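Data block below; observations after.
All of the numbers you see were taken from the coordinates with simple rules; none came from a lab. Note that the structure is predicted; figures quoted are calculated from it, not measured. Please note: Cβ atoms are built from the backbone with ideal geometry, for glycine as well, and neighbour counts cover all protein chains shown.
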Amino acid sequence: MRHFLIVAPLLLGTWATPSSRASAQPVVGITIVPPSLPNPWAPRIPTYLPTVICQLAVRPNVSVKPEPLGEVRLAARDNRSLSAGGFRFQASFGGGDGRYGSERRPFETWVYLEPFGKLIEQVLFDQPLDLFASHSGGVVSHTATEHGFTGLHSLFSPSGAELQYWCDAE
């Protein structure tokens with residue numbers, strides 16, 4: 001049996017009274033309704049988690065057209081990396097450490113210079129899932145920007161090599 005402490009009636013200067021059995025309406029004062037608990041038998045509503053896709057290209061110097069390296073695909077709680085052209089690109093989606101709750105899935109990228117592993121860029125895209133998906137479960141398109149939700153990133157090494165990347169959700 002649960003006991004509830006009635007504080008609101010004391011603050012309001014009135015006393016809570018039981019409901020009238022005949023009308024199921026309060027006779028005088030305030031009717032206290034205990035909070036409802038979640039129904040363990042109710043079907044769970046799935047949360048839409050998009051797949052993040054990063055497009056990468058590299059070139060040895062700016063006088064050469066960038067060569068596509070393909071894509072890096074990440075589902076929730078994925079961590080992927082790709083090395084090419086003197087760079088290592090790493091991306092993480094979702095972390096999974098519980099700091100962000102179910103509504104926030106941070107996406108983070110790092111770019112390192114190889115072979116020494118010097119970090120030259122680290123970006124955290126801490127965005128709620130609503131920016132990725134519509135409430136009907138479809139994907140919000142970022143095609144107006146042509147470079148997804150991250151925008152185009154161009155990074156250069158001391159030798160003049162360039163890594164380009166951008167990421168979007170599907």
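Tabulated data
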item	result
Whole-Hz couplings from phi, Karplus 6.51/-1.76/1.60, listed for segment 108-121; x for Gly and Pro	9, 10, 9, 10, 10, 8, 9, x, 8, x, 6, 6, 10, 7
Simple spin-label estimate for E114 and E67 in nanometres, 7 Å along Cα-Cβ	1.3 nm
